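The values are calculated or read from the model by the stated rules, or taken from the named source; none is laboratory data. Computed from a predicted structure; not experimentally measured. As a convention, Cβ positions derive from the backbone with ideal geometry for all residues, glycine included, and neighbour counts pool all protein chains shown. These area figures cover heavy atoms from the full protein model, side chains too; ligands, DNA and RNA do not enter into them. Shrake-Rupley method; radii C 1.70, N 1.55, O 1.52, S 1.80 Å.
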Amino acid sequence: MKEKVYLTRTSRDGDYSVNSLRNIIESKNLFDFISEMDMVAIKTHFGEKKELGYLKPPFIRMIGELVKEKKAKPFLTETTALYKGRRNNAVDHIELANDHGFGYDNTGLPIVMSDGLFGDEETEIDIPGKIQSKVKIASMLEKIQAMIIISHFTGHMLAGFGAALKNMGMGCSSRKGKMQQHSSVKPRIKKPKCTKCELCVKWCPESAIAMEEDSAVIDQARCIGCGQCLAVCRFDAVRYNWGASQEEVQKNIVEHAWGVARANENKILYINSLLNISKDCDCMLTYENISPDIGILISNDPVAIDAASIDLVEKESGKRLSEIAHNINYRIQIDYAKEIGFGNPDYELIETT
């Protein structure tokens, strides 16, 4: 059976776009999975630079209002990033969200980080995966009653593309979960940049870091690759080899996304924005457009909505995604999800007005 994927062709901003999305949700009863008093996490991406392609606050506000009409309790959520910047701890991340217009005044929604102050609050979810039997996701996501995953479709240098699956798999994982997906080796200290502040020593959960005369040193035998040192170091002194193969990264993303889905069985709706489509993900500081604006997709299946997103971008641009973004096998996420029995790539596209 094919999964339904709804498409509204909209522009980037303005009341018309917001109302088009509202009309689909209401006319198709897409929020019927939400019950009274449910805690509903609205997972999105607050962007790295203010002007780039994440779905803007007016859309988020409307979605929150519709959830409140169900007498449920919606809130915005995100997790911390591994890399340096304003998204690698909860305090800076929430400040960035406010700077980009996602504060309560604009959205009517509080922001609650799913993985705690430093990204280390996690829970393990059992999955029948081929790589992992357990995946580590943000702890709060096992406690909620429903989710809405809002993703901006982009190209991606490792995953081929980023949309619902990546927003779940990478974006809903704890720090250890992200490390599992990204890194093929354990961290090392860049001695010239180490200031010997000892924060990494203090925060290492396995006491694997010691301070020597010139810098901190990581005991590779004791290190568990949790990423705590990367989170607390303010001086870019922790180095990782991000050399995991593209295929390995994509398959790990899918398995972690499956864990998020299993933690919230049949209680997630997926929204993909195919507007302002860029070569690289919204974590990057640069922007290069690769496709005309298309619109917004909604589905109950993350694999179907991502498969439809790829097809639409390729149709509108007239080129394969590997020609306009990064020259890698970008369908691994879709094909692997089908292989392990997670989601359904066969979809019926339903255009609405």
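For the chain, relative contact order (Cα pairs under 8 Å, six or more residues apart, normalised by length) works out to 24 percent.
In terms of packing, defined here as the mean over residues of other Cβ atoms within 10 angstrom, the peptides 150-160, 63-73 line up highest first as 150-160, 63-73.
When the Cα gyration tensor is reduced to axis lengths a ≥ b ≥ c, the ratio a/c is 1.5 or higher for the range 199-262, and with a/b above b/c it is classed as prolate.
Per-residue Karplus couplings for the range 329-346, computed as 6.51 cos²θ - 1.76 cosθ + 1.60 with θ equal to phi - 60°, are listed in order as 6, 8, 9, 4, 4, 5, 5, 6, 4, 5, 4, 8, x, 10, x, 9, x, 8 Hz, Gly and Pro entered as x. Pull out a ≥ b ≥ c, the square roots of the eigenvalues of the alpha-carbon gyration tensor of the range 241-287, then state rounded if a/c is under 1.5, prolate if not and a/b is larger than b/c, and oblate in the remaining case. It is oblate, given that a/c is not under 1.5 and a/b is not larger than b/c. Split the accessible area of the chain by element, probe 1.4 Å, and carbon with sulfur accounts for 47%. Remark: accessible surface ordering of 245, 299 (largest first) is 245, 299, probe radius 1.4 Å.
Taking a 30 Å limit on the Cα-Cα distance, which of the listed pairs 202/267; 136/190; 73/166 fall beyond it?
As for pairs spanning more than 30 Å Cα to Cα, those are 202/267.
Working from Cα pairs under 8 Å separated by at least six residues, relative contact order for the range 74-173 is 24 percent.
On full extension, the segment bounded by residue 105 and residue 92 gains 2.8 nm, given 0.36 nm per residue less the C-alpha separation. The lysines within cross-link reach of residue 2, meaning a Cα-to-Cα straight distance under 17 Å and a gap of 8 or more places when in the same chain, are 28, 338. Given (i) 25.0, 80; (ii) 19.9, 67; (iii) 21.7, 67 as candidate values of Rg and Dmax of the Cα atoms in Å, which corresponds to the one derived from the coordinates? Working out Rg and Dmax of the Cα atoms in Å from the coordinates points to (ii). What FRET efficiency would be calculated for the residue pair residue 68, residue 130, taking the C-beta separation as r and a Förster radius of 45 Å, to the nearest 0.05? Taking R0 as 45 Å, the efficiency between residue 68 and residue 130 is 0.65. With both labels modelled 7 Å from their Cα along Cα-to-Cβ, the residue 206 to residue 353 distance reads 6.1 nm. Kindly state, to the nearest 0.05, the FRET efficiency for residue 311 paired with residue 236, given R0 = 41 Å and r defined as their beta-carbon distance. Efficiency for this residue pair is about 0.55. Using R₀ = 30 Å, calculate the FRET efficiency as 1/(1 + (r/R₀)^6) where r is the Cβ-Cβ separation of residue 37 and residue 262; round to 0.05. So, using R0 = 30 Å, E works out to roughly 0.85. Counted residue by residue at 0.36 nm each, then reduced by the alpha carbon distance between them, the extension gain from residue 340 to residue 112 reaches 78.9 nm. Average accessible surface for the range 85-188: 35 Å² per residue, computed with a 1.4 Å probe over protein heavy atoms with every protein chain in place. Rounded, prolate or oblate: pick one for the range 129-190, where a ≥ b ≥ c are the square roots of the eigenvalues of its C-alpha gyration tensor, a/c under 1.5 means rounded, and failing that, prolate if a/b is larger than b/c, else oblate. The shape class here is oblate. With the cut-off at 25 Å, tell me which of the pairs 49/130; 130/186; 134/279 have Cα atoms farther apart than that. Over 25 Å Cα-Cα: 49/130; 134/279. Sequence-ordered 3J(HN,Hα) estimates for the range 198-204 from the Karplus curve with 6.51, -1.76 and 1.60 and θ = phi - 60° stand at 6, 5, 5, 5, 5, 8, 5 Hz, glycine and proline given as x. Between 99, 120, 306, the Gaussian network model of the chain with springs among Cα atoms under 10 angstrom shows the greatest mean-square fluctuation at 99.
Scanning residues 5 or more positions from residue 3 or on other chains, those with amide H under 5 Å from its amide H are 346, 347, 348, with H placed 1.01 Å from N in the peptide plane.
Residue-wise HN-Hα couplings along the range 159-169, as the Karplus relation 6.51 cos²θ - 1.76 cosθ + 1.60 with θ = phi - 60° gives them from phi, are 8, x, 8, x, 7, 5, 4, 5, 4, 7, x Hz; Gly and Pro carry x.
In this structure, the amide hydrogen of residue 238, modeled 1.01 Å from its nitrogen in the peptide plane, lies closer than 5 angstrom to those of 190, counting only residues at least 5 positions away or on a different chain.
A cut-off of 5 Å between modelled amide H atoms, ignoring neighbours fewer than 5 places along the same chain, links residue 122 with 139.
The sum of -39500 (n - 2.57) across all DSSP H runs of n ≥ 4, divided by the residue count of the chain, sets its helix-only mean residue ellipticity at 222 nm to -9000 deg cm²/dmol.
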